[in-house]
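Encoded as structure tokens, the structure appears first; notes follow it.
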Amino acid sequence: MKQHTLLLPLCLLVTIPCQAGGLYLYETGTDDLGLASAGMAARAQDAAVQFMNPAGLSHLKGRHLTVAGQLLYGDAPYDLDDPTQEDVDTVIGWFPAASFYYSQQIDDRWSLGFATYGNFGLGLDFGDWAGKQLVKEATLIALTLQPSVAYRVDEHWSLGAALGINYGLFSLKRDTPQGGSKLDDSDWALNAKLGLLYEFDQGTRVGLGYSSPVKYHFDINTQTTINRPSLPAITVDLPLSGLVNSPQQLMVSGYHQLAPDWAIMANLGWQDWSDYNNQVAVFNQANASKNLYQDTYHLALGLQHNLSPQLTLNGGLAFDSSAYRDQDNTSLMLPSGNTLRVGTGFKYALNEQDAIGAGFEYARIDSARVQEDHLSGRYDSPALYFFAVNYSKRF
């Protein structure tokens, strides 16, 4: 039973699947992927730093360009408790994504940047399963266009700000007594990113990035009546309509060059997933009164080694806590749990201006149980596999 979730043009349009801690991803195909995102608010080695911390643009001299492509496979099987019903092999599957980052130093104080990427959304395809009256496919696509600015206060301090211009599209497909049904709506929303960067010296810096929430309003009536075997019919509402938020978050990162050929970096982050208790409905009334979601935290550690003047190796580990208070009481539409990320990659300098990079990341997610009457079941050890390539140029 499968499963092609989100498709997109491979240039500026970028979509995002369900994530290890909810709907949010750190991965956009850049070198951060090979580091498990460690140091992403402080590393400031290319224009992608503005994704988490626009103040990092002040560390870049001249002009920088990074174009990245990413391929994700999501292995997220859903096993129904009812032995008479067929399980879903995976609700995610394969899809590509892309991102673009550019920065330009204006003078000794000011730098500007622009980025387009996707890092929030959900794409699930259950196929022809027992709950097809409720949902066969559900897609939330998010694309961000982000102008950024950075100001160097002095040799140590830099400030940054960015405006996220976000486009969201929600689509739902399901079966009804009248035949197949498709509902969709779109919305534009704004959010802000603020950043600080403190440079102790050329090889040591600390960065702080803050992102405000993005609030999409989708006007879709997703209420439907489900006929259940040997039970009365029930009326349910899909929990991805009305107001949908990406969470506000904080990220603190550090970067330190241990030796001319070695560097270490780390993250400490927080995301406000508890706000979903006020925004997201669930299927049954028993769960509707409960606080399913909690804030999450993120830890990461990475190493970078210059094996030669041309070749740099990256590696990292990261941990994200679960957005759910109880892994035995989760939502069908948000497979999530404690997540361990392992990343590795490299950057190869073709010459003084051009470089190519590649990375791989494996994200293992805790199993989760869903209690939804005859659709109850289990997401058994879901995992995400990321493959990335990128090209960078300095002018």
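Kindly list the residues of segment 116-144 that lie in the label zone of Q178, defined by a backbone N under 18 Å from the point 7 Å along the Cα-to-C-beta vector. What the label zone holds, given the 18 Å backbone N cut-off, is 133-136. Given a 1.4 Å probe and the protein chains as shown, L258 ends up with an accessible area of around 100 Å². A quarter of the convex hull surface defined by the alpha-carbon atoms of segment 107-178 gives 6.9 nm² as the mean projection. As a fraction of the 1.4 Å probe accessible area of segment 266-395, surface on carbon and sulfur atoms comes out at 56 percent. Summed over the residues of segment 123-229 and divided among them, the accessible surface reaches 45 Å² per residue at a probe radius of 1.4 Å. With the convex hull drawn over the C-alpha atoms of segment 164-221, the volume per residue is 109 Å³. Checked against a 31 Å cut-off, the cross-linked pairs K182/K215; K215/K393; K132/K215; K193/K347; K136/K215; K173/K215 give Cα-Cα distances beyond that limit for K215/K393. So if we plug the beta-carbon distance of D82 and D275 into 1/(1 + (r/R0)^6) with R0 = 41 Å, what FRET efficiency do we get, rounded to 0.05? Efficiency, from the Cβ-Cβ distance: 0.75.
The values are calculated or read from the model by the stated rules, or taken from the named source; none is laboratory data. This structure is a prediction, so every number in the text was calculated from the model and none was measured. When we count neighbours, we look across all protein chains shown, and the Cβ atoms used for this are built from the backbone with ideal geometry, even at glycine. When the accessible area is computed, the model is the full protein with side chains, heavy atoms only, and any ligands, DNA or RNA have been set aside. Shrake-Rupley method; radii C 1.70, N 1.55, O 1.52, S 1.80 Å.
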